[in-house]
There are 2 protein chains.
Amino acid sequence: MNATPHWLDPEQKAAWDSFIRMQETLIGRLSRRLQADSRMSAADFVVLAGLTESEGGRMRFLDLTKRVEWEKSRMSHQIGRMAKRGLVTREECPDDGRGAYIVVTPEGYRAIEEAAPLHVEHVRRLFVEAITQEELDTLGRISARVLAHMERQPD
Amino acid sequence: MNATPHWLDPEQKAAWDSFIRMQETLIGRLSRRLQADSRMSAADFVVLAGLTESEGGRMRFLDLTKRVEWEKSRMSHQIGRMAKRGLVTREECPDDGRGAYIVVTPEGYRAIEEAAPLHVEHVRRLFVEAITQEELDTLGRISARVLAHMERQPD
DNA sequence: GGGCATTGGTTGACGTGTCAATCATCAGCG
DNA sequence: CGCTGATGATTGACACGTCAACCAATGCCC
């Protein structure tokens, strides 16, 4: 049958395009700033943020990857790179021979404590300040709705 | 002086987190779908979309990179990969010895004509359907506002 | 027309992400 | 105890993006 494709109407397309452009530009800028300010990638930041919010700055590998919602292989590569740079270490897990703990080093703490305030500042400057509190709220609600919707969708 | 950092308040942070999570999940799913459905990356899609919207499916290299707002080195690598897979070709530019035209091949047309309807379907299914027309509108306006704001900001 | 900054584009190195395969350990069950 | 399948994690190959350096034509000005 193959009906003619069901394209977005012009207003929908405009909204979608804006969103995509915005999102790309924003994320791009933020991560370039992070890199320039703190010699740290967005990925580094996310991992350190997740880890340091946990008691003792240590977490089981899989718990960490769940917390930040990554695939385990991505996390494994990332931890490898971060370990090489001294931001985290791997420790054996006493009660499960396969398992690993990931632990923030003092270096790692230093790094994120330096980066976080600058990062927030940029989020404010580029994003929060652009819109009203109400708009920010609305955006938050819309995002939550989309997220919930996706969770109900296959794939 | 170093005042204590100006963190986001809880509502702001919640909205920001939602947005980030939504955006990552959505983009992630869409590009995995694209890859699975059409053996094509999001980058391939963007480039082909830009090119095919132009008369004759051909464009000057730099015009193309401006149209999709990429850095030229990114585009150069991307074109290289796409050329290797036969989606586009490079052609010399008669009136500027340095320049290059990028041209969509028949293969390239086939590829995007197959991919586009599926892609739109997923955008609908995962995103558009999750929210009302009005919310989509609002999101578009907010995005445009953030975009405009960023354009006025350094860096 | 000879120098020289500018423009158009490529390259290489490196960090990052995905997928599929692999490996070691562990839990459950006969 | 000894399989067997599930769980926790790593690996390798490859696509992608960024940065900085580079190269080759071009335009321009003296």
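Listed values, structure above:
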read-out	value
Yes/no for B:Arg152 being open to solvent by 20 Å² or more (accessible area, probe 1.4 Å) and more than 16 Å from DNA strand D (Cβ to nearest atom)	yes
Residue, most open to solvent (accessible area, probe 1.4 Å), within the range B:106-120, restricted to residues that are within 16 Å of DNA strand D (Cβ to nearest atom) and more than 14 Å from chain A (Cβ to nearest Cβ)	B:Glu107
Contacts under 6 angstrom Cβ, first residue in the range A:70-81 being more than 14 Å from chain B (Cβ to nearest Cβ) and touching a residue at least 60 places away in the same chain (Cβ under 8 Å), partner open to solvent by less than 20 Å² (accessible area, probe 1.4 Å) and near DNA strand C (Cβ under 6 Å from one of its atoms), 6 or more apart	none
Set B:Arg141, B:Arg125, B:Arg145: member being open to solvent by 70 Å² or more (accessible area, probe 1.4 Å), within 7 Å of chain A (Cβ to nearest Cβ) and within 24 Å of A:Ile142 (Cα to Cα)	B:Arg145
Residue match in the range A:90-99 (condition: at the interface with chain B (Cβ under 9 Å from one of its Cβ atoms), surrounded by fewer than 20 Cβ atoms within 10 Å (Cβ to Cβ) and basic (Lys, Arg))	no
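This table checks each residue for (1) at the interface with chain B (Cβ under 7 Å from one of its Cβ atoms); (2) crowded, with 18+ Cβ neighbours inside 10 Å; (3) away from DNA strand D (no atom under 16 Å from the Cβ); (4) not small (Gly, Ala, Ser).
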| position | (1), (2), (3), (4) |
| --- | --- |
| A:Trp7 | yes, no, yes, yes |
| A:Phe19 | yes, yes, yes, yes |
| A:Thr25 | yes, no, no, yes |
| A:Arg32 | no, no, no, yes |
| A:Gln35 | no, no, no, yes |
| A:Met40 | no, yes, no, yes |
| A:Gly50 | no, yes, no, no |
| A:Arg58 | no, no, no, yes |
| A:Phe61 | no, yes, no, yes |
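The values are calculated or read from the model by the stated rules, or taken from the named source; none is laboratory data. Just so it is clear, the structure is predicted and the values come from calculations on it, not from any experiment. All Cβ positions, even for glycine, are placed from backbone atoms using ideal geometry, and neighbour counts span all protein chains on display. Just the protein is used for accessible areas: all its heavy atoms, side chains included, with ligands, DNA and RNA removed. Shrake-Rupley method; radii C 1.70, N 1.55, O 1.52, S 1.80 Å.
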